[in-house]
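This is the structure I have questions about; it appears just below.
The values are calculated or read from the model by the stated rules, or taken from the named source; none is laboratory data. Quick caveat: nothing in here was measured; it's all calculated off a predicted structure. Neighbour counts run over all protein chains shown; Cβ positions are idealised from the backbone, glycine included. Calculation scope for accessible area: heavy atoms of the full protein, side chains included, ligands and nucleic acids excluded. Shrake-Rupley method; radii C 1.70, N 1.55, O 1.52, S 1.80 Å.
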Amino acid sequence: EGLIQGVSVYVINLDRSQDRLEKISLQLQELDFPFQRISAVDGKIATPEQNQRLNLSLYKKRHGKLPTPGELGCYLSHYEAICMAALSKNDFTLVLEDDAILGIGLAGTINELVSIPNTWDFVKLSGVHSGTPISVKPLPKGESLSVLLTKCTGSSAYLLNRKASIALREGLLPMSLPIDHEFDKGWIYKFQVRAVIPFPVKHNTEAESTIGNSTKSLKLPSRQRIPTHIYRLITEIRRLVYGLGQIVRSLLQN
């Protein structure tokens with residue numbers, strides 16, 4: 001079962017990571033997914049213009065660390081994919097990192113999501129933490145479309161519609177957090193964030209990220225991290241309130 005028409009597929013891949021491109025290409029070929037490669041930004045050789053897209057003082061305040069070159073590269077690579085999604089002829093876009101492990105039922109899951117477009121704008125298809133999911137709509141094959149009540153990081157795979165891609169294109173810059181801490185804030189970007197549970201795409205934990213955290217983040221001293229703790233507490237309260245509101249909205253839709 002291949003991907004239905006109306007869905008663009010983008011794979012983020014560094015020019016020097018040919019082996020990863022080959023692996024993800026084979027997976028997509030087996031799923032009958034035509035895709036377009038996006039040349040990832042290499043943070044180690046970022047241009048002055050690319051470095052200016054980072055708000056360093058706000059990043060330190062919100063994240064309590066100095067950013068790595070890989071985090072900048074990852075953020076700007078996803079931003080490029082999202083900008084392309086906003087301009088795509090298709091209304092829906094699947095964005096994949098090149099180390100994603102795709103489930104065999106992924107095509108069916110995406111086709112099902114596309115058939116119920118009013119129930120989501122941005123769907124996480126992979127995640128590092130559980131995110132405390134609350135099911136709001138059952139999907140075939142035992143999956144569920146869920147609202148996440150707590151933080152769920154990871155950016156290996158997500159599906160978004162044009163509304164979400166335009167909102168993110170307009171709001172993601174300048175960078176003040178890693179991409180997976182920022183792009184699913186539905187209360188900021190005014191769209192419906194969901195997740196498919198269990199996640200149909202796995203993150204390859206054995207492969208070291210080539211565009212992400214390839215070097216260890218440098219934490220700021222404890223005293224300088226106080227604003228970070230306050231920011232995170234406020235963010236998680238807002239996430240919970242948003243999530244509960246989304247659950248109510250889903251109940252009213254049904």
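From (1) crowded, with 21+ Cβ neighbours inside 10 Å; (2) assigned to a helix (DSSP H, G or I), pick out the condition that doesn't hold for D19.
Here D19 meets the rest and fails (1).
Of the residues D184, D180, which is part of a helix (DSSP H, G or I) and closer than 22 Å to R232 by Cβ?
Residue meeting the stated conditions: D180.
Please name all residue pairs, on different chains or six or more residues apart, with Cβ atoms under 6 Å, provided the first residue is in the range 4-23 and is in contact (Cβ under 8 Å) with a residue 12 or more places away in the chain and under 12 Å from D98 (Cβ atoms) and the second residue is in a loop (DSSP other than H, G, I, E, B) and of a type in the set (F, W, Y).
What qualifies is V11/F35.
Now, a different point. Let me confirm something: among G6, G2, which residue is out of contact with any strand residue (DSSP E or B) (no Cβ under 7 Å at 6 or more places or on another chain), modelled with pLDDT under 95 and either farther than 21 Å from L177 by Cα or surrounded by fewer than 17 Cβ atoms within 10 Å (Cβ to Cβ) (or both)? Walk me through how you get there before you give the answer.
Working: G6 fails: out of contact with any strand residue (DSSP E or B) (no Cβ under 7 Å at 6 or more places or on another chain).
It is G2.
Could you pull out the residue among N51, N55 that is without any contact (Cβ under 8 Å) to a residue 24 or more places away in the chain and under 24 Å from L177 (Cα atoms)?
Matching residue, one of N51, N55: N51.
Mind checking which residues of the range 30-53 are under 15 Å from L94 (Cβ atoms) and open to solvent by 60 Å² or more (accessible area, probe 1.4 Å)?
So in the range 30-53, the residues under 15 Å from L94 (Cβ atoms) come out as 31-38.
If the condition is that a residue be under 15 Å from L94 (Cβ atoms) and open to solvent by 60 Å² or more (accessible area, probe 1.4 Å), then D32, P34, F35, Q36, R37 are the ones that fit.
From the set of residues in the range 162-197 that are among the basic types (K, R) and more than 11 Å from the chain's Cα centre (by Cα), which is surrounded by the most Cβ atoms within 10 Å (Cβ to Cβ)?
Filtering the range 162-197 down to residues among the basic types (K, R) leaves 162-163, 169, 185, 190, 194.
Pick out the ones that are also more than 11 Å from the chain's Cα centre (by Cα) and you get 162-163, 169, 190, 194.
Values: R162: 16, K163: 17, R169: 16, K190: 12, R194: 26.
The qualifying residue surrounded by the most Cβ atoms within 10 Å (Cβ to Cβ) is R194.
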